[in-house]
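Colleague: This is the structure, below, for whatever I ask next.
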Ligand SMILES: Cc1cc2nc3c(=O)[nH]c(=O)nc-3n(C[C@H](O)[C@H](O)[C@H](O)COP(=O)(O)O)c2cc1C
């Protein structure tokens, strides 16, 4: 079976559905080029803002398997440098560049046309305030020649980002793991995948526009799950930080293998494959439940004689 990882995103053909999300590995052209060479179909710049960021220290920590917390801000190089040097350099090397701009309409006014002129293939607008999103999109549409002809409104959605604020404490020192205000950070990686999947599926149920699903993707199985939930392409950031960009090469290989095993010929053929299975109402009789006291090991189970979660136990006892 011939599997092709090429993915059409807004009419641009990516060599893989994998997109390196905005983060420390896309800090400049050099980082973006490395990720692209390793197999990323596109790379999102670190978020470009009016002022370069000064980050607290430490601003990244591991928080469980394939999971991190971070208090890293936006780009610590200036917007001018992105426009004059980094985006053109990445474009020259063939990278499909998604310029990330945040977090206000003023910053969209200042930088959308400039990144477009510098050669960015797409623009991703980042906002953490719901009321800002629509004015930011309108402004970007007005200002960028590449997008001006298209309908007003975003062409697609990136869903979604990190989750938080969150807190972790080093029990030896009693101090937070991060050097940010109140020790607050943002959770990324494996721990957030189920939350992101739910959002992606929900957005996919409401629009036909492409969705970039990002959050918690580490393995080829995660990529397939995100596509099945309705993503057209799949972003990742934490996995590449923890495993290095060369991991993208391996991941592309493993996605191909998995698509062959599951008998899908392309990422596009998987997009939204699970959506029609998301029942509108709860299902009661799909599984035959059997209780086996000997295989019951959980604390709750020992006390109750059941190894299942509370809700399932209720059901089991009711039978
Ligand atoms: C250290 C770090 C820095 C990040 N910086 C940015 C950023 O500048 N702009 C942005 O939109 N997202 C940023 N993100 C969020 C990622 O792009 C991504 O949406 C999030 O980490 C979820 O994906 P993941 O679970 O694959 O890491 C950052 C994430 C991390 C871990």
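Since every read-out is calculated from the coordinates, none of them should be taken as a lab result. The structure presented is a predicted model; accordingly, all values stated were derived computationally and were not measured. Virtual Cβ from ideal backbone geometry, glycine too; neighbours counted across all protein chains shown.
Colleague: Any idea what angle helix 130-143 forms with the longest principal axis of the chain, computed on alpha-carbon atoms, 0 to 90 degrees, nearest 10?
Modeller: The two axes meet at around 40 degrees.
Colleague: Which semi-axis lengths, in whole Å and largest first, follow from the square roots of five times the eigenvalues of the Cα gyration tensor of segment 7-277? Before the final figure, lay out the partial values.
Modeller: On the way: eigenvalues 129, 124, 68 Å².
Rounded to whole Å, the semi-axes are 25, 25, 18.
Colleague: Also: Given an 8 Å cut-off on Cα distances and at least 6 residues of separation, report the relative contact order of segment 1-118 as a percent. Write down the numbers at each step before the final one.
Modeller: Working: 189 pairs, mean separation 29.0, N = 118.
Relative CO of segment 1-118 lands at 25 percent.
Colleague: Here's something else I'd like to know. Taking 37 °C and 0.692 mPa s as the conditions, I'd like the Stokes-Einstein D for segment 86-225 in µm²/s, using the Kirkwood hydrodynamic radius from alpha carbon pairs. Mind dumping the intermediate values first?
Modeller: On the way: Rh = 17.2 Å.
Rounded, D is 190 µm²/s.
Colleague: Can you say what percent of the DSSP beta bridges in segment 7-277, counting only those with both residues inside, are antiparallel? Round to 5. Working shown, then result.
Modeller: Working: 14 of 33 bridges.
The antiparallel fraction comes to roughly 40 percent.
Colleague: If we count other beta carbons within 10 Å of each Cβ, what is the order of 141, 257, fewest first?
Modeller: Values: 141 20, 257 12.
Taking fewest neighbouring Cβ atoms as first place, the list is 257, 141.
Colleague: Cα axis of helix 105-118 to longest principal axis of the chain: angle in degrees, 0 to 90, nearest 10?
Modeller: 70
Colleague: If you average the sequence gap of Cα pairs under 8 Å that are 6 or more apart and divide by the length of the chain, what percent do you get for the contact order? Display every interim value, and only then the final one.
Modeller: Numbers: 619 pairs, mean separation 59.7, N = 319.
Relative contact order, the chain: 19 percent.
Colleague: To the nearest 500 deg cm²/dmol, what mean residue ellipticity at 222 nm is calculated for the chain from DSSP H runs of n ≥ 4 alone, each contributing -39,500 (n - 2.57), summed and divided by the residues?
Modeller: Values: 12 runs with 110 residues, N = 319.
About -10000 deg cm²/dmol.
Colleague: Could you state the angle between the C-alpha long axis of helix 193-204 and the longest principal axis of the C-alpha atoms of the chain, as a value from 0 to 90 degrees rounded to the nearest 10?
Modeller: 70
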